[in-house]
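Chemist: Here it is, the structure, as structure tokens.
Taken together, the values in this text are just the output of simple stated rules run on the coordinates, not laboratory data. The structure displayed is predicted, hence computed values, not measured ones. Don't worry about glycine lacking a Cβ; one is built from the backbone with ideal geometry, like all the others, and counts go over all protein chains shown.
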Amino acid sequence: MTHEEYRKASLSSKEEAQRILFNEYFNYVYTIVFSRLRSCAGREDIEECVSDSFADIYIYYDESKELCGDISGFIGTVARRKAADLYSRLTRKNINTVSVDDKEAARLEAPDNIEEIITNKDIRSKLLHCVELLGEPDSVIIMQKYFFMRSSKEISEIVSMTPEAVRMRCSRALVRLRAKLTEMNISL
């Protein structure tokens, strides 16, 4: 949706403009929030963060400004910031400080597979970054197909393409993704 389309819809009915915006960008916002919070938040927290993101979008987006272009950048930024704020609050809550004397410290050990855990986390982070570099709609298609396990037909409804176009874009995006990962010396 472009700024001008939202502006025109908003002039006739603010509620209808917000409904259109929500329907068009819900999956996009949910994907951003879910990818950030999946490790520390429950479904209710994720859904609440998505709702809060849309509330902020409705409050802070100024349709009266003279802008041109797509508004997905603004929407993505709001969703990322809301998810980051919630992530901070949730992970800060889970940090416990424990007083440890020398005898107890000697018994505490790191897990045997700590190096593997860190390596896997680093690879996941790089993979997600590479997927984001693919740009839209390729990154959305990859995330929906391989993260949410959606079919090409379901994805086609999200990105407004035919299922055949989704499959073609997906295969091309995978080739580009493999090339980016190879450049980073990552093989999956």
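Chemist: Could you compute the FRET efficiency for Ser51 and Met184, with r as their C-beta to C-beta distance and R0 at 41 Å, rounded to 0.05?
Modeler: After rounding, the FRET efficiency stands at 0.70.
Chemist: Net charge around Glu24, counting only other residues with Cβ within less than 12 Å of its Cβ (Lys, Arg = +1; Asp, Glu = -1)?
Modeler: Net local charge, Glu24 excluded: -2.
Chemist: How about region 4-92: which GluC sites (Glu not before Pro) there are in a DSSP loop, with at most 15 other Cβ atoms within 10 Å of their Cβ?
Modeler: Passing both the DSSP loop test and the Cβ count: Glu66.
Chemist: Moving to a separate point now. Set the bar at 30 Å for Cα to Cα. Now go through Lys14/Lys145; Lys8/Lys126; Lys8/Lys180; Lys8/Lys82; Lys14/Lys126 and name every pair that lies beyond it.
Modeler: Lys14/Lys145; Lys8/Lys126; Lys8/Lys180; Lys14/Lys126
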